[in-house]
Amino acid sequence: MAGEPLVLVVEDEPAQREVLSYNIKAEGYSVMTAETGDEALIMVKETTPDLIVLDWMLPHVSGIEVCRQLKSNAETNKIPVIMLSARSEETDKVRGLETGADDYVVKPYSVAELLARVRTQLRRSRPASVGERLEYGTIVLDLAEHRIFRDDVQLSLGPTEFRLLTAFMERPGRVWSREQLLDRVWGRDIYVDSRTVDVHVGRLRKALRSTGQDDPIRTVRGAGYALG
Ligand code: CA
């Protein structure tokens, strides 16, 4: 299940990193931190965060470059990025947003303002966590009742397929790698072969087609699966 949103904080200055993660945790989010751009890119590959707070000024790979790489990759381009910058010139702001950053905050900023922006981005990208129902086309997933309907017909799904579909429906269009699905649906500590993912996705597809409708799940060659 969804759990609290995971925020990745990328900041090379220890004091700033500390303040950011302390305050974001205090909001009830999970936090992971990276000190460099390279580290951030590796972490995102392993565990997809729900949001990234990214400092512009980083050694080696700059925040701008990290953002550009994330936004040009189909697996990561839906993760909202809030860029932090000491630069306040309008051209820099434009440049930051041009690389695909979803928001841009100028240092020094108030923590309250940054947290408000974090909440806004998460609301946009995770509408699911707000309500108790997820809808995609004619598929309706009732999280509270643990029931799923397609064309108003109730489908029977196993608990794993239910969690899989929840992940897919929270982020339609997002490509999930098998490893990311393992993380999300089975949990990080349990060893499950990645072929297990294929088996359960297969079962989910079969259940979704049982009303005679088309298969809404897409196999992305060499990458994984996506809904729609
Ligand atoms: Ca910095």
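Below are the figures for this structure:
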{"quantity": "Qualifying residue in the range 13-28 (condition: β-branched (Val, Ile, Thr), within 16 Å of the ligand (Cβ to nearest atom), within 19 Å of the chain's Cα centre (by Cα) and not in a loop (DSSP other than H, G, I, E, B))", "calculated": "no"}
{"quantity": "Condition check for Arg87: more than 29 Å from Gly224 (Cβ to Cβ) and either open to solvent by less than 30 Å² (accessible area, probe 1.4 Å) or modelled with pLDDT under 85 (or both)", "calculated": "yes"}
{"quantity": "Complete set of residues in the range 143-178 that are open to solvent by less than 70 Å² (accessible area, probe 1.4 Å) and free of Cβ contacts under 8 Å to residues at least 12 places away in the same chain", "calculated": "Phe149"}
{"quantity": "Candidate set from the range 39-60 (those that are in a loop (DSSP other than H, G, I, E, B) and farther than 23 Å from Tyr109 by Cβ); member that is nearest to the ligand (Cβ to nearest atom)", "calculated": "His60"}
{"quantity": "Test result for Val19, of a type outside the set (Gly, Ala, Ser) and at pLDDT below 95", "calculated": "yes"}
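Matching residues to (1) open to solvent by 30 Å² or more (accessible area, probe 1.4 Å); (2) among the β-branched types (Val, Ile, Thr); (3) at pLDDT 90 or above:
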| position | (1), (2), (3) |
| --- | --- |
| Pro5 | no, no, no |
| Ser62 | yes, no, yes |
| Val66 | no, yes, yes |
| Ile79 | no, yes, yes |
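The values are calculated or read from the model by the stated rules, or taken from the named source; none is laboratory data. None of the values given here were measured: they were computed from a predicted structure. Glycine gets a Cβ as well: all are built from the backbone with ideal geometry, and neighbour counts include every protein chain shown. Please note that ligands, DNA and RNA were not included when accessible areas were found on the heavy atoms of the full protein model with its side chains. Shrake-Rupley method; radii C 1.70, N 1.55, O 1.52, S 1.80 Å.
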